[in-house]
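Here the structure comes first, spelled out in C-alpha cells, and everything after it is commentary.
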Amino acid sequence: MSAPLRIALADDQALVRAGLRALLQGLGVAVALEAEDGHALLAQLPGAGIDVILSDVRMPGLDGIAMLERLRARGDATPVLLLTTFDESDLLLRARDAGAQGFLLKDAAPEDLLDAITRVAAGDSLLLPVSTDPIRARYRFHDERPPSDTFNAREVAILRLLAGGYSNKEIARSLFLAEGTVKNYVSAILDKLGTRDRTRAVLKAITLRVI
C-alpha cells in the first residue's frame, strides 16, 4: 500500500484549517504541516517532504501568490494548489504567471478536492485562465455592440477557458461542474454576446474587454 500524500496547508482562519485537516485526513491524505500565512509556510517547508501545498489566496502578512513567488524564486518546485473563489479572476492570472499548478474552489466537493490534490501531485495542472492580451493586440472583432447583459464571475472564468481552446468536458473537469452545466453557461454567453459560435464569442469578448 502506497504512503499517503503529504500536504502543507496554509489558511489564516484556524477553523478553516481544522475543517480542511479533518476532511483531508478522512480522505486518506496526511496534513504534514499547517501555517497561518505564507511566511510561516515557507519557514516550515524545508525538509518536510511535502507533495502538495494547499494554500488560500487571500491571507494577511504574506498571501498565497506572494508565497508562491518566493517559493519559486528559491528554486522550490513543490506543486501549489490555491484555494480561491470565482470573484478573484485577476488573482488567478497572477497566480498562473507565478507558477501555480491549479486552483480549487472553496466550495468544492470532498471527492473533487481529493481528485485535484492527486492530479497535481502526479504532475498534472488544472486548467488555468489564459492571457488574452496577445489576441487583443493582433485582432479586433468587427461587431462591437455591447452585450445584452452583464457577465458574472463564473461566466468570465468560462470565457477565459474558452479562449484557451478548452472543450466543455475539460472546462467542467477543471471547474468541478457538470458538463451539461457548462453547456448551459456557454449558451448563455453566446446569447449575451449575440454571436453564433464559441470562436466569435471569445473574439468579441476580448475586443469588448470582457476578458
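The values are calculated or read from the model by the stated rules, or taken from the named source; none is laboratory data. From a predicted model like this one, the values you see are computed outputs, not experimental measurements. Methodologically, a virtual Cβ is constructed for each residue, glycine included, from the backbone with ideal geometry; neighbour enumeration extends over all protein chains shown.
The conditions are (1) in a strand (DSSP E or B); (2) buried (at least 22 other Cβ atoms within 10 Å of the Cβ), and L104 fails exactly one of them. Which is it?
(2)
Within segment 9-29, can you find the residues that are closer than 13 Å to L54 by Cβ, out of contact with any helix residue (DSSP H, G or I) (no Cβ under 8 Å at 6 or more places or on another chain) and surrounded by 14 or more Cβ atoms within 10 Å (Cβ to Cβ)?
Matches in segment 9-29: V16, R17, L20, R21.
Being charged (D, E, K, R) and either touching a residue at least 12 places away in the same chain (Cβ under 8 Å) or buried (at least 19 other Cβ atoms within 10 Å of the Cβ) (or both) is the filter here, so list the residues in segment 170-189 that pass it.
E170, R173, K183
Answer with yes or no whether A116 is outside any helix (DSSP H, G or I) and either out of contact with any helix residue (DSSP H, G or I) (no Cβ under 8 Å at 6 or more places or on another chain) or not assigned by TED's automatic domain parsing to the domain that holds N152 (or both).
no
Restricting to segment 49-65, give me the number of residues that are of a type in the set (A, V, I, L, M, F, W, C) and in a loop (DSSP other than H, G, I, E, B).
Of the residues in segment 49-65, 4 are of a type in the set (A, V, I, L, M, F, W, C) and in a loop (DSSP other than H, G, I, E, B).
Does at least one position in segment 79-99 carry a residue that is among the aliphatic types (A, V, I, L, M), more than 24 Å from R154 (Cβ to Cβ) and in a helix (DSSP H, G or I)?
Taking every residue of segment 79-99 in turn, none turns out to be among the aliphatic types (A, V, I, L, M), more than 24 Å from R154 (Cβ to Cβ) and in a helix (DSSP H, G or I).
Let me confirm something: among L83, L68, which residue is touching a residue at least 60 places away in the same chain (Cβ under 8 Å) and either not assigned by TED's automatic domain parsing to the domain that holds R154 or not charged (D, E, K, R) (or both)?
Only one candidate qualifies: L83.
Just give me the residues in segment 156-169 being buried (at least 22 other Cβ atoms within 10 Å of the Cβ) and either over 18 Å from L105 (Cβ atoms) or not aliphatic (A, V, I, L, M) (or both), in sequence order.
Those that are buried (at least 22 other Cβ atoms within 10 Å of the Cβ) and either over 18 Å from L105 (Cβ atoms) or not aliphatic (A, V, I, L, M) (or both): R160, L162.
Mind listing whichever residues of segment 31-67 are of a type in the set (D, E), in contact with an Asp or Glu (Cβ under 7 Å, 6 or more places away or on another chain) and closer than 23 Å to R119 by Cα?
D56
Within segment 89-98, which residues are surrounded by 15 or more Cβ atoms within 10 Å (Cβ to Cβ) and modelled with pLDDT of 70 or more?
Hits for segment 89-98 are R94, A95, R96, A98.
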